[in-house]
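Trainee: I have a structure I would like to understand better, so I am pasting it below and will then ask my questions one at a time.
The values are calculated or read from the model by the stated rules, or taken from the named source; none is laboratory data. Given the structure is predicted, the values throughout are model-derived calculations rather than measurements. Quick reminder, even Gly has a Cβ in these numbers, built from the backbone with ideal geometry, and neighbours come from all protein chains shown.
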Amino acid sequence: MSEVERRRPLSPHLQVYRPMLTMMMSIVHRITGAALYGATLLLVYYLVAAANGPASFATASGLFSSIIGQIVLFGFTWALFHHLLGGIRHAIWDTGYGMDHPVREYLAQGTAIGGIALTILVWALAYAMR
Amino acid sequence: MANDPGSLRTALGRVRFLGSAKSGTHHAWHMRVTSVALVPLAVLFVWIVASLAGKDYNAVRAMFADRFAPAAVMILFIATSAYHMMLGMQTIIEDYVHDEPVKTWSIIGNLLFSILVGFAGLFAVLKLSLT
């Protein structure tokens, strides 16, 4: 490899690239998207169980009401809100705005904090109303 | 390009702006359109699911059978989500799976899974709301 070739900029290989918030948020956006892909099975299970009758609904409702079920649903709620806000962030970037420092950092921070805040808010409301 | 005498592309082919792949930016564009639709739909979906939390069978049935809006929102959300997640997972497969047969079968499996999930969800909501 010649000296010129060696000095060419590398594409962002994860092993050598300094982790940055925007990069981590991009990865998490994809991971949450893939997680929500699997989460649709839980939604469909719940709906099909309800459509199937009281007995199967009671089983599904019991599973989702259990401690583990609640933790899993809490995690998927976060994944949904994080992915939702990430999508809005990408929609803003698609228009060409907000890509400069420090706006892109604020958008990334807003996605991270907003996803957690909305998740806690919804669960607090859901528990308060039940 | 349009006046290139050596070009084998027809005038119609140029107007359609499609090459041999027969598609262009549809995937990316449909991803954007479904994202926009899913912003309000996801918020309404969370609202519906949160209000279903801890409810018994009759309350859940009544939610979909007695009123129009919850079932309508669920149907739109499930249909749009199934398409959106099919597009998204296809991108993930194309990014990481490089073995051609495995990639092809993964994309087929992704399509079938998304249709199955979408159909099962839609059918369950229709049954809950119409029976």
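Trainee: Across segment A:98-112, what is the total count of residues that are under 18 Å from the mean Cα position of the chain (by Cα) and outside any helix (DSSP H, G or I)?
Mentor: Residues meeting the conditions: 0.
Trainee: Within segment B:90-105, can you find the residues that are more than 17 Å from B:HIS27 (Cα to Cα) and either within 13 Å of chain A (Cβ to nearest Cβ) or among the hydroxyl-bearing types (Ser, Thr, Tyr) (or both)?
Mentor: The one that is more than 17 Å from B:HIS27 (Cα to Cα) and either within 13 Å of chain A (Cβ to nearest Cβ) or among the hydroxyl-bearing types (Ser, Thr, Tyr) (or both): B:TYR96.
Trainee: Taking A:THR59, is it in contact with a helix residue (DSSP H, G or I) (Cβ under 6 Å, 6 or more places away or on another chain) and either under 25 Å from B:MET86 (Cα atoms) or among the polar types (S, T, N, Q) (or both)? Step through it out loud before you land on a result.
Mentor: Working: in contact with a helix residue (DSSP H, G or I) (Cβ under 6 Å, 6 or more places away or on another chain): no; either under 25 Å from B:MET86 (Cα atoms) or among the polar types (S, T, N, Q) (or both): yes.
Against the criterion (in contact with a helix residue (DSSP H, G or I) (Cβ under 6 Å, 6 or more places away or on another chain) and either under 25 Å from B:MET86 (Cα atoms) or among the polar types (S, T, N, Q) (or both)), A:THR59 does not qualify.
Trainee: Next question, about the same structure. Output the qualifying pairs, or none if there are none: Cβ atoms under 7 angstrom, residues six or more apart or on different chains, first residue in segment B:25-45 and closer than 19 Å to A:ARG30 by Cβ and more than 11 Å from chain A (Cβ to nearest Cβ), second residue part of a helix (DSSP H, G or I) and modelled with pLDDT of 95 or more.
Mentor: Between residues of segment B:25-45 that are closer than 19 Å to A:ARG30 by Cβ and more than 11 Å from chain A (Cβ to nearest Cβ) and residues that are part of a helix (DSSP H, G or I) and modelled with pLDDT of 95 or more, the close pairs are B:HIS27/B:LEU87; B:HIS30/B:LEU87.
Trainee: Something else now. Just give me the residues in segment B:57-79 being assigned to a helix (DSSP H, G or I) and either closer than 20 Å to B:SER114 by Cβ or among the acidic types (Asp, Glu) (or both), in sequence order. Break it down into steps so the answer makes sense when it comes.
Mentor: Step one: of segment B:57-79, the residues assigned to a helix (DSSP H, G or I) are B:57-65, B:69-79.
Across segment B:57-79, the qualifying residues are B:VAL73, B:MET74, B:ILE75, B:LEU76, B:PHE77, B:ILE78, B:ALA79.
This table checks each residue for (1) among the aliphatic types (A, V, I, L, M); (2) part of a helix (DSSP H, G or I); (3) at pLDDT below 95.
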position: A:ALA60; (1), (2), (3): yes, yes, no
position: A:GLY75; (1), (2), (3): no, yes, no
position: A:LEU80; (1), (2), (3): yes, yes, no
position: A:GLY114; (1), (2), (3): no, yes, no
position: A:LEU118; (1), (2), (3): yes, yes, no
position: A:ALA126; (1), (2), (3): yes, yes, yes
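Trainee: Against the condition in contact (Cβ under 8 Å) with a residue 40 or more places away in the chain and crowded, with 19+ Cβ neighbours inside 10 Å, how does B:PHE64 come out, does it pass?
Mentor: Yes: the conditions hold for B:PHE64.
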